[in-house]
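Here is the structure we will look at.
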Amino acid sequence: MQRIVLYGTIRESWHSKNDRSYRNVSMDDIQHMLRSEWKLKGKPQWSDDHGNWTYKLDGKDLDDDELTLIIAVRDEQVEILVTTKW
């Protein structure tokens, strides 16, 4: 996952983008958290339908506030897709 954060693409799903203003979480907050210290919460979940792993991560945003992300890691596309955040 760290390789993708450094060299790949981080993007948001439609759901995550539309909740951005409501949840007050910017792409800068997301990138900061993924490049900083975060903790995996629970076990990764495999999706046969999408062919990727989904992770729940807890960390901090740019303002040092708590931030939780649900992400899908797409190894073949070298991409992390943020599906939801709070």
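The values are calculated or read from the model by the stated rules, or taken from the named source; none is laboratory data. Source: prediction; values computed, not measured. As a convention, Cβ positions derive from the backbone with ideal geometry for all residues, glycine included, and neighbour counts pool all protein chains shown. Each accessible area value is taken on the protein alone, full model and side chains, heavy atoms only, with ligands, DNA and RNA left out. Shrake-Rupley method; radii C 1.70, N 1.55, O 1.52, S 1.80 Å.
So how strong a dipole does the range 1-47 carry about its Cα centre when Lys and Arg Cβ are +1 and Asp and Glu Cβ are -1, to the nearest 20 debye?
On the way: 9 positive and 5 negative charges, 38 e Å.
It works out to roughly 180 debye.
Calculate for the chain the 222 nm mean residue ellipticity that helices alone would give, adding -39,500 (n - 2.57) per DSSP H run of length 4 or more and normalising by residue count, nearest 500 deg cm²/dmol. List each step's numbers first, then the result.
Details: 4 runs with 24 residues, N = 86.
Here the helix-only value at 222 nm equals -6500 deg cm²/dmol.
Run the dipole for the chain about the Cα centre, Lys and Arg Cβ at +1, Asp and Glu Cβ at -1, nothing else charged, and hand back the magnitude in debye, nearest 20.
Working: 13 positive and 16 negative charges, 28 e Å.
That gives a dipole near 140 debye.
Give me the percent of the accessible area of the chain that comes from carbon and sulfur atoms, probe 1.4 Å, all protein chains in place.
Values: 2630 of 5680 Å².
Percent of accessible area from carbon and sulfur atoms in the chain: 46.
Apply the Karplus curve 6.51 cos²θ - 1.76 cosθ + 1.60, θ = phi - 60°, to the phi angles in the range 72-86 and return the couplings in whole Hz, x for Gly and Pro.
10, 9, 10, 4, 5, 8, 6, 9, 10, 10, 7, 8, 7, 7, 7
Find the Cα radius of gyration of the chain, compare it with 2.2 N^0.38 Å by division, and give the number to two decimals. Write down the numbers at each step before the final one.
Details: Rg = 12.1 Å, N = 86, 2.2 N^0.38 = 12.0 Å.
So the chain has a normalised radius of gyration of 1.01.
What full-extension length gain, to one decimal in nm, is calculated for residue 46 and residue 64 as 0.36 nm per residue of separation minus the Cα-Cα distance? Walk me through the numbers before you get to the answer.
On the way: separation 18, 0.36 × 18 = 6.48 nm, distance 3.03 nm.
Answer, rounded to one decimal: 3.5 nm.
Mark the label point 7 Å from the Cα of residue 13 along Cα→Cβ and return the residues of the range 57-86 whose backbone N is within less than 15 Å of it.
Only 57, 69-74, 80-86 fall inside the zone, counting backbone N under 15 Å.
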